[in-house]
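In what follows, a structure is listed as structure tokens, so that the remarks can point back to it.
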Ligand code: BTN
């Protein structure tokens, strides 16, 4: 896939194979010779790859002459860590991992235009130019969040793509609840997920479409997982799952739950005649602000009013002094 190589090198697939091997033999020391044989390389190359894993934060004890063992379970979003658990979903077969990249959404959009298949997943440990909605940046510190973009090729008209974005919010909601049912996320239209009023997840959906037909959609999901703190200007607005719960979360577990949940939502949308209405209903049930909330929207010169739910395509309805208005985009501020 030439477009990917222009952006950043993908993580060497042999790193994932070494991690899997060490996990499979977690209680013993695995010799360099055995690892070298399994991945088809030399012992000195294994040593070099182990150093790379250590640079990525994987805690490996050992030495080329004795062998290697894991000191703790690694929490890297490597394809070898995720794919076995995603068996049977749309997202099992084409997982691309980057140690560092500008933006997984940019990588996914470029790969899509070069013909990458539906269900391709792009994950990074760190983004140097993570993109948010509008002109915003997405804070993407190394290995503390999930930076994930998935490529979809739905047979939908462009006007129906918002539902996909709402479905992604629902998928994040279920994944978090599956792992810790005490956390009750709140969906904020269209694409934010909050805990106690602070944002821990943002979704950036981008598409390439003809007038009546979508060519491809990239759904980019950023989740603040284990950030211990945020810069002063974000402290009142942003949180992480760790800050909200007081415990470290496994990114591998959460990312697996997220992709499985996204797979269920996507299949439900495309296969069930009431798929879209189910998404709209559940989004409204899990959002404290989509109905009866005083809001200000920076769109078409701005409007103010009280939210009145979503229309059949997922757009926000707001009752203003001038009558009912449909919000197509823009930032919704809760007042
Ligand atoms: C927002 O709330 O403004 C949307 C943030 C979306 C961030 C994610 S992180 C993975 C993907 N890659 C990007 O550059 N952006 C999205």
If you check residue 201 against the conditions, is it farther than 25 Å from residue 295 by Cα and under 13 Å from the mean Cα position of the chain (by Cα)?
no
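For (1) touching a strand residue (DSSP E or B) at 6+ places or on another chain (Cβ under 6 Å); (2) surrounded by 24 or more Cβ atoms within 10 Å (Cβ to Cβ), each residue gets a yes or a no:
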position	(1), (2)
62	yes, no
114	no, no
117	no, no
123	yes, yes
126	no, no
Top-ranked residue in region 103-135 [being in a loop (DSSP other than H, G, I, E, B) and either farther than 20 Å from residue 217 by Cβ or in contact with a helix residue (DSSP H, G or I) (Cβ under 7 Å, 6 or more places away or on another chain) (or both); ranked as farthest from the ligand (Cβ to nearest atom)]:
114
Go through 26, 92 for me and flag whichever is surrounded by fewer than 18 Cβ atoms within 10 Å (Cβ to Cβ) and either within 29 Å of residue 117 (Cα to Cα) or at pLDDT below 95 (or both).
26
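Each row is one residue, and each column tells you yes or no for (1) farther than 14 Å from residue 150 by Cα; (2) modelled with pLDDT under 95; (3) crowded, with 19+ Cβ neighbours inside 10 Å.
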{"site": "172", "(1), (2), (3)": "no, no, yes"}
{"site": "183", "(1), (2), (3)": "yes, no, no"}
{"site": "235", "(1), (2), (3)": "yes, yes, no"}
{"site": "241", "(1), (2), (3)": "yes, no, yes"}
{"site": "245", "(1), (2), (3)": "yes, no, no"}
Please specify each residue of region 300-335 satisfying the condition of being closer than 16 Å to residue 283 by Cα and not in a strand (DSSP E or B).
311, 312, 313, 314, 315
Quick one: would you say residue 302 is more than 27 Å from the chain's Cα centre (by Cα) and at positive phi?
yes
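Kindly indicate whether any position in region 224-232 is assigned to a strand (DSSP E or B) and more than 14 Å from the chain's Cα centre (by Cα).
For region 224-232, residues assigned to a strand (DSSP E or B) and more than 14 Å from the chain's Cα centre (by Cα): absent.
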Take region 64-91 and flag every residue that is out of contact with any strand residue (DSSP E or B) (no Cβ under 9 Å at 6 or more places or on another chain), closer than 26 Å to residue 261 by Cα and without any contact (Cβ under 8 Å) to a residue 24 or more places away in the chain.
84, 87, 88
Going through region 185-207 one residue at a time, which ones are touching a residue at least 24 places away in the same chain (Cβ under 8 Å) and either surrounded by fewer than 14 Cβ atoms within 10 Å (Cβ to Cβ) or more than 16 Å from the ligand (Cβ to nearest atom) (or both)?
196
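The values are calculated or read from the model by the stated rules, or taken from the named source; none is laboratory data. What you see is a predicted model; the values in this text were computed from it and never measured. Please note: Cβ atoms are built from the backbone with ideal geometry, for glycine as well, and neighbour counts cover all protein chains shown.
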